[in-house]
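Trainee: Just dropping this structure here.
The values are calculated or read from the model by the stated rules, or taken from the named source; none is laboratory data. All values reported here derive from a predicted model rather than from experimental measurement. Reconstructed Cβ throughout: ideal geometry from the backbone, glycine too, with neighbour counts over all protein chains shown. All accessible areas refer to the heavy atoms of the entire protein, side chains included, with ligands and DNA or RNA removed. Shrake-Rupley method; radii C 1.70, N 1.55, O 1.52, S 1.80 Å.
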Amino acid sequence: WLGRVLRDMGERAARGEVVPLPQTVFDMTSKAVDAFRFLQQAQQIGKVVMKVSDGMTMLDSNGSYLVTGGTGGLGLVVARWLVERGAGHVVLVSRSGKVAQGSERAWDWLQSCGADVRVQCCDVVDSTSVEQMVSTVEDTVGALRGVVHTAGVLADAMLANQTLEGLWMVWAPKVAGAYNLHEATQHCELELFGMFASTAA
């Protein structure tokens, strides 16, 4: 159903039957505070957009950045995004430590990009393990500057067929994992804490 809706909207946009919402654009380097103030006052019609200049280095090259679910397809894409924006140290957090099948090219690029990219095994559902992992990263890699939580488990079912076990299987890494990361990084001066979730779900 969602696929049908998206294809239909794409076709309508191509025919000019639907147009993007109005945008109010703010430059991220000089007008970020103004953009948030504008949103806070609910003055916008349509969308508020933060414009990032091409080639702008936003991240701390000396700091470290964690990507949970880091050896999966999405995690490797996020890792490349971080490196391309100046991150000098990226830690790919994974339960298994194994690169996802079909993601070998992305992994090879990260190994040759010039940044320090390493894998750290940790189950984000275990709060003690998360605290130890954050401590290890800060001691051996560098001050933690960012976390991107892409870890997740897929266990789709119709609501009538869903079980508590199935719900927990998805909830634990996504929600409990995010909370554990939040708690373990309270002392860190983070530049970013990003989380991924499914719009369809």
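Trainee: Please give the charge dipole size of segment 104-185, origin at the Cα centre, charges +1 on K and R Cβ atoms and -1 on D and E Cβ atoms. Round to the nearest 20 debye.
Mentor: Rounded to the nearest 20 debye, it is 220 debye.
Trainee: So between Ser135 and Leu159, what do we pick up on full extension, going 0.36 nm a residue minus the alpha carbon distance?
Mentor: Extending this stretch completely gives an extra 4.7 nm.
Trainee: Next question, about the same structure. Any chance you could look up the accessible area of Ser30 with a 1.4 Å probe, heavy atoms only, rounded to 10 Å²?
Mentor: So the heavy atoms of Ser30 present about 80 Å² to solvent.
Trainee: A further question on this structure: Assigning unit charges at the beta carbon (Lys, Arg +1; Asp, Glu -1) and nothing else, what dipole magnitude in debye, to the nearest 20, does the chain show about its Cα centre?
Mentor: In debye, rounded to 20, the chain gives about 680.
Trainee: Also, quick follow-up: To the nearest 10 square angstrom, how much accessible area does His182 have with a 1.4 angstrom probe?
Mentor: 80
Trainee: Order 69-76, 42-49 from most to least packed using the mean count of other Cβ atoms within 10 Å.
Mentor: Highest mean packing first, the order is 69-76, 42-49.
Trainee: Among Val25, Gln41, Leu6, which residue has its Cα furthest toward the positive end of the charge dipole of segment 1-84, with +1 on Lys/Arg Cβ and -1 on Asp/Glu Cβ?
Mentor: Sorting the options by dipole projection puts first Leu6.
Trainee: If you average the sequence gap of Cα pairs under 8 Å that are 6 or more apart and divide by the length of the chain, what percent do you get for the contact order?
Mentor: Relative contact order, the chain: 18 percent.
Trainee: Would you list which aspartates and glutamates come within 16 Å of Lys98, measuring only between C-alpha atoms, while excluding same-chain residues fewer than 8 positions from it?
Mentor: Reachable aspartates and glutamates: Asp108, Asp123.
Trainee: Test of understanding: extend the Cα→C-beta vector of Ala143 to 7 Å, then name every residue of segment 61-93 with backbone N under 15 Å from that spot.
Mentor: What the label zone holds, given the 15 Å backbone N cut-off, is 61-65, 88-89.
Trainee: For every helix of n ≥ 4 consecutive DSSP H residues, a contribution of -39,500 (n - 2.57) applies; sum these over the chain, divide by its total residues, and give [θ] at 222 nm rounded to the nearest 500 deg cm²/dmol. Could you put the intermediate results ahead of the total?
Mentor: Values: 7 runs with 76 residues, N = 201.
Helix-only estimate at 222 nm: -11500 deg cm²/dmol.
Trainee: Same structure again: Rounded to the nearest 10 Å², what accessible area does Thr150 show when all protein chains are kept and the probe is 1.4 Å?
Mentor: Near enough 20 Å² of accessible area.
Trainee: Okay, moving on. FRET efficiency for Glu17 and Val49, Cβ-Cβ distance as r, R0 = 22 Å, nearest 0.05?
Mentor: The computed FRET efficiency comes out at 0.45.
Trainee: Give the longest segment of the chain that steers clear of GluC sites (Glu not before Pro) in DSSP loops with at most 11 neighbouring Cβ atoms within 10 Å, not counting the sites themselves.
Mentor: My reading of the result: 18-188 is the longest stretch.
Trainee: Exposed loop chymotrypsin sites (Phe, Trp or Tyr not before Pro) only (DSSP loop, at most 16 other Cβ atoms within 10 Å): please give the longest stretch of the chain free of them, not including the sites. Intermediate results must be reported in sequence, preceding the final value.
Mentor: Details: sites that count: Trp1, Phe196.
Formally, the longest exposed-site-free interval is 2-195.
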